[in-house]
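Only one structure is covered here, and it is reproduced in the block below.
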Amino acid sequence: MDTNKIYDKLLGHFGDGVILGLTEADDAVKDPFITVRGDKIHRVGMYCKVEPMLDCDFLQSITGLDTGDTLTCVYHLFSYSKKHTLVLKTAVPRDAAELPSSVHVWPAANWYERETYDMYGVTFADHPDLRRLLLPEDWEGFPMRKDYVQAPEYNGIP
């Protein structure tokens, strides 16, 4: 199923208050993506997993992106039975960067959400073990944010 048909299916099920738009692939956008309201991303993900026509049974990744104004999370999904991919994006305000956890939808989200928390500071509500994954527990700040200032003792000078 192509992204346009998936978009129509999601829009028909959730409405335009949850499914916010479709961005087609072009020279600037490699993969088409569907934008989803942040607080509903886990419900949309669950629907994509259990709806037989979609059957997105594999979470390939969750990645973060700092656009300057917002923090965006990008969910890459795949269906083994249908052989299609789906990209979902959702944005949260920098000062209230929280999304519902998708660990109950795809257990692999555990590590991806921890990495996104560690690097961007996005908190995932109801995550079973949200703590730093790559950096020490006492690390201050989130190094992939555009406003992150590296401490002098970590600038590579011994």
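Quick notes on this one:
- Fraction of accessible area attributable to carbon and sulfur, the chain (%, probe 1.4 Å): 53
- Restricting the trypsin sites (Lys or Arg not before Pro) of region 60-114 to loop positions (DSSP other than H, G, I, E, B) with no more than 12 neighbouring Cβ atoms within 10 Å leaves 83.
- Note on the chain: with a GNM built from Cα contacts shorter than 10 Å, the maximum mean-square fluctuation among 135, 59, 88 falls on 135.
- Cross-linked pairs 82/146; 49/146; 30/83: Cα-Cα separations exceed 30 Å for 82/146; 49/146.
- Solvent-accessible surface of region 1-73, taken per residue with a 1.4 Å probe and all protein chains present: 52 Å².
- In order along region 117-133, the Karplus-derived 3J(HN,Hα) couplings, from 6.51 cos²θ - 1.76 cosθ + 1.60 at θ = phi - 60°, round to 4, 4, 8, 10, x, 7, 8, 10, 4, 6, 5, x, 7, 7, 8, 4, 10 Hz, and Gly and Pro are given as x.
- Our helix-only sum for the chain, with -39,500 (n - 2.57) per DSSP H run of n ≥ 4 divided by its residues, gives a mean residue ellipticity at 222 nm of -6500 deg cm²/dmol.
- Sites matching trypsin sites (Lys or Arg not before Pro) across region 20-57 that sit in DSSP coil, with at most 10 neighbouring C-beta atoms within 10 Å: 30
- Maximal additional length on extending the residue 83-residue 31 stretch stands at 17.2 nm, based on 0.36 nm per residue less the C-alpha distance.
- Counted charge near residue 144, where neighbours are those whose Cβ lies closer than 15 Å (Asp, Glu -1; Lys, Arg +1): -1
- Computed on region 1-125, with alpha-carbon pairs under 8 angstrom and 6+ residues apart, the relative contact order is 22 percent.
- Cβ-defined net charge surrounding residue 51, 14 Å radius [Lys, Arg +1; Asp, Glu -1]: +2
- Amide H within-cut-off set for residue 65, under 5 Å, with H built and near neighbours excluded: 72
- Label corresponding to semi-axes √(5λ) of the Cα gyration tensor in Å when calculated from the structure given, among (1) 30, 17, 14; (2) 28, 25, 20; (3) 22, 18, 15: (1)
The values are calculated or read from the model by the stated rules, or taken from the named source; none is laboratory data. Keep in mind that this is a model prediction, so the values were computed, not measured. When we count neighbours, we look across all protein chains shown, and the Cβ atoms used for this are built from the backbone with ideal geometry, even at glycine. Calculation scope for accessible area: heavy atoms of the full protein, side chains included, ligands and nucleic acids excluded. Shrake-Rupley method; radii C 1.70, N 1.55, O 1.52, S 1.80 Å.
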